[in-house]
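First up is the structure itself, then whatever we jot down about it.
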Amino acid sequence: MYVAAENLGTGEAIAAVGFMTAAAVVIIAVLWFTVDYRKSKLRSAQTEDLRQLVGRFEQLAENTLDAQQRVATDVSELRTRTASIEKILRSVD
């Protein structure tokens, strides 16, 4: 059966408005929760990406330090060889 608007009493109208308000509040709460959940997932993903980036940076810094130490060793060896060559050249003169 179809109930016309004229047949609704004041109490029924208030109940209908209350029901619609409650439904709207529930829908808004669900949307709010969904948005917060997605934001949280994005923050978590960004945090993980940042941790990976920091790990990669630390690895690159360590590799750079190793390369610098090898270069320093090579330069030291070249200085020693240069000094030996200079000593030999001075003795020849």
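Read the figures in this text as sums done on the coordinates, not as results from a lab. On a predicted model such as this, the values are computed, not experimentally measured, just so you know. Ideal geometry is used to build each Cβ from the backbone, glycine not excepted, and the neighbour counts take in all protein chains shown.
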query: In the chain, which chymotrypsin sites (Phe, Trp or Tyr not before Pro) are in a loop and have at most 10 other Cβ atoms within 10 Å, using DSSP for the loop call?
result: Tyr2
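Gain in length, Thr64 to Ala24, computed as 0.36 nm per residue apart minus the alpha-carbon separation, to one decimal in nm? Please list the in-between numbers first.
Values: separation 40, 0.36 × 40 = 14.40 nm, distance 5.92 nm.
Length gained between Thr64 and Ala24: 8.5 nm.
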task: Place a +1 charge on the Cβ of each Lys and Arg in segment 5-92 and a -1 charge on the Cβ of each Asp and Glu, then give the dipole magnitude about the Cα centre in debye, rounded to the nearest 20.
output: 700
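Using 0.36 nm times the number of residues separating Thr73 and Thr34, minus their current alpha carbon distance, what extension gain do you get?
Working: separation 39, 0.36 × 39 = 14.04 nm, distance 5.85 nm.
Taking 0.36 nm per residue and subtracting the Cα distance, the gain is 8.2 nm.
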statement: When the charge dipole of the chain is computed with +1 at the Cβ of Lys and Arg and -1 at the Cβ of Asp and Glu, the Cα pointing farthest to the positive end, of Tyr37, Thr10, Ala61, is that of Ala61
- request: For every helix of n ≥ 4 consecutive DSSP H residues, a contribution of -39,500 (n - 2.57) applies; sum these over the chain, divide by its total residues, and give [θ] at 222 nm rounded to the nearest 500 deg cm²/dmol.
  value: -34000 deg cm²/dmol
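Short version: what are the Cα gyration tensor semi-axes of segment 5-92, square root of 5 times each eigenvalue, largest first, in whole Å? It would help to have the intermediate numbers written out before the result.
Details: eigenvalues 1393, 8, 5 Å².
With the √(5λ) rule applied to segment 5-92, the semi-axes are 83, 7, 5 Å.
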- prompt: Summing Lys, Arg as +1 and Asp, Glu as -1, what charge do residues with Cβ under 14 Å from the Cβ of Ser44 carry, Ser44 excluded?
  reply: +2
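So what's the net charge close to Leu31: Lys and Arg +1, Asp and Glu -1, counting the other residues with Cβ under 14 Å from its Cβ? Could you put the intermediate results ahead of the total?
On the way: positive: Arg38, Lys39; negative: Asp36.
Every neighbour counted, the sum reads +1.
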